[in-house]
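Structure record follows, encoded as structure tokens.
The values are calculated or read from the model by the stated rules, or taken from the named source; none is laboratory data. Predicted model only: the values in this text are computed from it and were never measured. Cβ placement follows ideal geometry from the backbone for every residue including glycine, while neighbour counts extend to all protein chains displayed.
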Amino acid sequence: MSEQPAGLRALAAAAEAVARGDLDRRVLVPDNDPALADAARAFNHMLEAVGRYRDELEARGRGFRQVLSRLGQALAATHDRPAIISAVLETCALAVDAKAAVFYGATPGGGRLEDRVTYGEAPQTSELAAGEGLAGVAARDDTVVLWPGPVEPSQREPDPGAAAAAVPVRSGNRVLGVLAVYGPASGRLFSDDEVQMLETLVRQAEIAIDNSFLYDEATKLSITDGLTGLWNRRLFDLRTAEELQRAIRFQEPFAVLMIDIDLFKRVNDDHGHQAGDAVLVELARRLTEATREVDVVTRYGGEEFALILPKTSVEGAMLLAEKIREVIAAQPFAAGDALVPLSVSVGAAAYPDHGLSVTEIISAADAALYRAKAGGRNRVEEARPEGKTPLRSAGG
């Protein structure tokens, strides 16, 4: 058997090196054998393409590991639903090398889907009707929908390319939305393992989302009055501190009203505590109806209520306080089988007129409230600096 030419031996050795994982090996292109030169050039071009593919996979792997890390952090932050959804969307897209991904949120009543988070080449704004496209059917039927398949993609969805998948995202027994990935960059179909991985990632996100709702409920309970449904003293303290910082920053006023039901003890003594509770609930309703949406109505404690009035001067606060006094006094309250006429006393204070700190403003409003009580009840009093006479008062 004749010995192989040196060029062939070099090519065979390079092929063996590649088989061992050495993708950086190249062969010299001989200039005295055209056929062997073509083979050498083809071999080197193949190695360059494989090297680029290897580099792309490594970069994709690094990106995927980074997103997995962010996903873990987002899943641990159980109260941050947007972060959870954004992280799982990006993770799913990288996991299957999708060109585009969208989280469609279901609107109340399930009438349509709105894109809430997008990734890659997805359009920034799109909306799907119930049952429209891959995502619409996934939401309507609460099932994973794949393309190619019997369901046609909507023109308002990203280009599905060779493949797409839409996975419903649930919380309890309801569909919150759909996570959909479109167009793998390689132009191939999704494997069964990739579809299963998408479902697994979404299921993990669902657990974190459910935990976030539990967190929200626990937080709400901690700042909500259980009887009236109003915000409680804790929320009042938080919001007054926030409002003061905003007022200082933008050089705007804000006001506080302290409200107390006059002679409320008689309601409990004469009609029972259940009747007293009913009165408090009705008072909360009237206060809410008499104020703006931006105003914060809280049950401060017992029969005392406190209001935060953003961007409101002391003059505006006094007008609202008088309106509240009239609304309460205008119609008796149901206390069991009886109708009981009631009144309130109100103290008003504002930043910066009556204080430059939360403590000073609340103390000034509280002092004005007690002056209204001492002045005969069913009255409104404006706070005053220590040692000065009241600026304004009103009452029935």
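So which of 286, 249 is free of Cβ contacts under 8 Å to residues at least 12 places away in the same chain, under 25 Å from residue 313 (Cβ atoms) and assigned by TED's automatic domain parsing to the domain that holds residue 330?
Details: 286 fails: free of Cβ contacts under 8 Å to residues at least 12 places away in the same chain.
Being free of Cβ contacts under 8 Å to residues at least 12 places away in the same chain, under 25 Å from residue 313 (Cβ atoms) and assigned by TED's automatic domain parsing to the domain that holds residue 330 holds for just one of 286, 249, which is 249.
So in the stretch 237-289, with the set limited to residues that are surrounded by 14 or more Cβ atoms within 10 Å (Cβ to Cβ) and among the aromatic types (Phe, Trp, Tyr), which one is nearest to residue 357 (Cα to Cα)?
Result: 254.
Examine the stretch 213-235 for a residue that is within 23 Å of residue 142 (Cα to Cα) and touching a His at 6+ places or on another chain (Cβ under 6 Å), and state whether such a residue exists.
Looking for residues that are within 23 Å of residue 142 (Cα to Cα) and touching a His at 6+ places or on another chain (Cβ under 6 Å), one finds none in the stretch 213-235, hence no.
Among the residues of the stretch 187-203, is there at least one that is more than 30 Å from residue 331 (Cα to Cα) and touching a Gly at 6+ places or on another chain (Cβ under 7 Å)? Show your work before the answer.
Just the residues of the stretch 187-203 that are more than 30 Å from residue 331 (Cα to Cα), to begin with: 187-203.
Narrowing further to those that are touching a Gly at 6+ places or on another chain (Cβ under 7 Å): 187.
Taking every residue of the stretch 187-203 in turn, at least one turns out to be more than 30 Å from residue 331 (Cα to Cα) and touching a Gly at 6+ places or on another chain (Cβ under 7 Å).
When the stretch 113-136 is examined, which residues are found to be touching a helix residue (DSSP H, G or I) at 6+ places or on another chain (Cβ under 7 Å) and buried (at least 19 other Cβ atoms within 10 Å of the Cβ)?
113, 117, 119, 128
Out of the stretch 334-345, which residues are hydrophobic (A, V, I, L, M, F, W, C) and either closer than 16 Å to residue 377 by Cβ or surrounded by fewer than 21 Cβ atoms within 10 Å (Cβ to Cβ) (or both)? Working first, answer last.
Step one: filter the stretch 334-345 for residues hydrophobic (A, V, I, L, M, F, W, C), giving 334-335, 338-340, 342, 344.
Result: 334, 338, 339, 340, 342, 344.
Against the definition (assigned by TED's automatic domain parsing to the domain that holds residue 129 and closer than 21 Å to residue 120 by Cβ), how does residue 214 come out, yes or no? Write out each step before concluding.
Numbers: assigned by TED's automatic domain parsing to the domain that holds residue 129: yes; closer than 21 Å to residue 120 by Cβ: no.
Against the criterion (assigned by TED's automatic domain parsing to the domain that holds residue 129 and closer than 21 Å to residue 120 by Cβ), residue 214 does not qualify.
Looking for something in contact with a Leu (Cβ under 9 Å, 6 or more places away or on another chain), closer than 15 Å to residue 92 by Cα, at pLDDT 90 or above and not in a strand (DSSP E or B) - is there at least one such residue anywhere in the stretch 167-180?
no
Output the number of residues of the stretch 290-314 satisfying the condition of being modelled with pLDDT of 95 or more and loosely packed, with under 15 Cβ neighbours inside 10 Å.
Residues flagged as modelled with pLDDT of 95 or more and loosely packed, with under 15 Cβ neighbours inside 10 Å within the stretch 290-314 amount to 0.
When you go through 351, 370, 300 one by one, which is the residue that is among the aromatic types (Phe, Trp, Tyr) and farther than 21 Å from residue 244 by Cβ?
Working: 351 fails: farther than 21 Å from residue 244 by Cβ; 300 fails: farther than 21 Å from residue 244 by Cβ.
Answer to the check: 370.
What about residue 178, is it touching a helix residue (DSSP H, G or I) at 6+ places or on another chain (Cβ under 6 Å) and farther than 30 Å from residue 147 by Cα? Before the answer, list the steps.
Working: touching a helix residue (DSSP H, G or I) at 6+ places or on another chain (Cβ under 6 Å): yes; farther than 30 Å from residue 147 by Cα: no.
Against the criterion (touching a helix residue (DSSP H, G or I) at 6+ places or on another chain (Cβ under 6 Å) and farther than 30 Å from residue 147 by Cα), residue 178 does not qualify.
Restricting attention to helices (runs of 4 or more DSSP H) lying wholly within the stretch 194-302, give those where 2 or more residues are within 26 Å of the chain's Cα centre (by Cα). Give the steps one after another, and end with the answer.
Values: elements: 233-250, 264-271, 273-290.
Answer list for the stretch 194-302: 233-250.
Results for (1) surrounded by fewer than 16 Cβ atoms within 10 Å (Cβ to Cβ); (2) of a type outside the set (A, V, I, L, M), shown as yes or no for each residue.
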position	(1), (2)
167	no, no
178	no, no
187	yes, yes
190	no, yes
198	no, no
202	no, no
205	no, no
218	yes, no
